[in-house]
Amino acid sequence: MTTAEQRLQNLAEDTRIAINLWFGDIPTFYAFFYTLTQKEHVIDQEKPAGWQEQLKAAQYYRRLCAKRAQKECGLPDELLEDIYSDYFEDFANYRDKKLMDDKLFMSYLRKLIS
C-alpha cells in the first residue's frame, strides 16, 4: 500500500464525506489526480505540436484542481503530493496504468474548474 493510499484510509470522516460528494468515492478521487499528473507528464515527455502551451495549461489546471479540492474537501497538502509521487513511482518502474477514461476525466475536470 502506498503512502497516498494509507493517507486516504486515514482521512477524517468529514473529509471522506466531502470527497464522496465531489467524486463519488475515494478511488475515483485518487484516479482523477493520478490521471491529471499523468496527462501533464505525457505532454512534457512526448512534446506534441504546441506542447509548451499545452504543458502550461496542464500545469495550470492541475494547480487549480488541487486548490479547489483542498478548499472543498479539506485535504491535507501532502495527500496530493503523495498521489503525484505514486504516478512517478509507477512511471519509473515501467508500470503504465490507465485509471480513468478520458470522458470521465474531463467531466471531473470541468466540475472542478467551474
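The values are calculated or read from the model by the stated rules, or taken from the named source; none is laboratory data. This is a predicted model, so every value here is computed, not measured. Neighbour counts run over all protein chains shown; Cβ positions are idealised from the backbone, glycine included. Protein only, heavy atoms only, side chains kept; ligands, DNA and RNA dropped before computing areas. Shrake-Rupley method; radii C 1.70, N 1.55, O 1.52, S 1.80 Å.
Can you pull out the residues in the stretch 15-27 that are closer than 18 Å to LYS71 by Cα, of a type outside the set (Phe, Trp, Tyr) and in a helix (DSSP H, G or I)?
Scanning the stretch 15-27 gives THR15, ARG16, ILE17, ALA18, ILE19, ASN20, LEU21, ILE26.
Kindly indicate the residue of the stretch 86-114 that is among the polar types (S, T, N, Q) and loosely packed, with under 10 Cβ neighbours inside 10 Å and also farthest from ARG68 (Cα to Cα) among those meeting that condition.
Residue satisfying both the conditions and the ranking: ASN93.
Return yes or no: is MET100 hydrophobic (A, V, I, L, M, F, W, C), at pLDDT 95 or above and out of contact with any helix residue (DSSP H, G or I) (no Cβ under 9 Å at 6 or more places or on another chain)?
Here the answer is no, as MET100 does not meet what is asked.
Among the candidates GLU53, GLU40, GLU46, which residue alone is of a type in the set (Asp, Glu) and either in contact (Cβ under 8 Å) with a residue 24 or more places away in the chain or within 25 Å of GLN6 (Cβ to Cβ) (or both)?
GLU40 is the lone residue from the list that is of a type in the set (Asp, Glu) and either in contact (Cβ under 8 Å) with a residue 24 or more places away in the chain or within 25 Å of GLN6 (Cβ to Cβ) (or both).
Out of everything in the stretch 62-85 that is within 16 Å of THR2 (Cβ to Cβ) and in a helix (DSSP H, G or I), what residue ends up being most open to solvent (accessible area, probe 1.4 Å)?
Per the criteria, the residue is GLU81.
Going through the stretch 35-60 one residue at a time, which ones are within 15 Å of the chain's Cα centre (by Cα) and under 24 Å from GLU89 (Cβ atoms)?
THR35, LEU36, THR37, GLN38, LYS39, GLU40, HIS41, VAL42, ALA58, GLN59
From the residues in the stretch 1-13 that are of a type in the set (S, T, N, Q) and touching a residue at least 24 places away in the same chain (Cβ under 8 Å), which one is farthest from PRO76 (Cα to Cα)?
Selected residue: THR2.
Restricting the search to the stretch 1-13, which residues are open to solvent by less than 30 Å² (accessible area, probe 1.4 Å) and either basic (Lys, Arg) or not in a loop (DSSP other than H, G, I, E, B) (or both)?
ALA4, LEU8 - these are the residues of the stretch 1-13 that are open to solvent by less than 30 Å² (accessible area, probe 1.4 Å) and either basic (Lys, Arg) or not in a loop (DSSP other than H, G, I, E, B) (or both).
Might you check whether a residue that is basic (Lys, Arg) and open to solvent by 80 Å² or more (accessible area, probe 1.4 Å) occurs anywhere in the stretch 14-36?
no
Quick one: what pairs do we get from the stretch 14-31, first residue in contact (Cβ under 8 Å) with a residue 12 or more places away in the chain and more than 11 Å from LEU75 (Cα to Cα), second open to solvent by 50 Å² or more (accessible area, probe 1.4 Å) and not in a helix (DSSP H, G or I), C-beta under 6 Å, 6+ apart or different chains?
Once the first residue is in contact (Cβ under 8 Å) with a residue 12 or more places away in the chain and more than 11 Å from LEU75 (Cα to Cα) and sits in the stretch 14-31, its partners that are open to solvent by 50 Å² or more (accessible area, probe 1.4 Å) and not in a helix (DSSP H, G or I) give ALA31/LEU99.
Of the residues LYS56, LYS47, which is surrounded by fewer than 17 Cβ atoms within 10 Å (Cβ to Cβ), in contact with a Leu (Cβ under 9 Å, 6 or more places away or on another chain) and at pLDDT 95 or above?
LYS47
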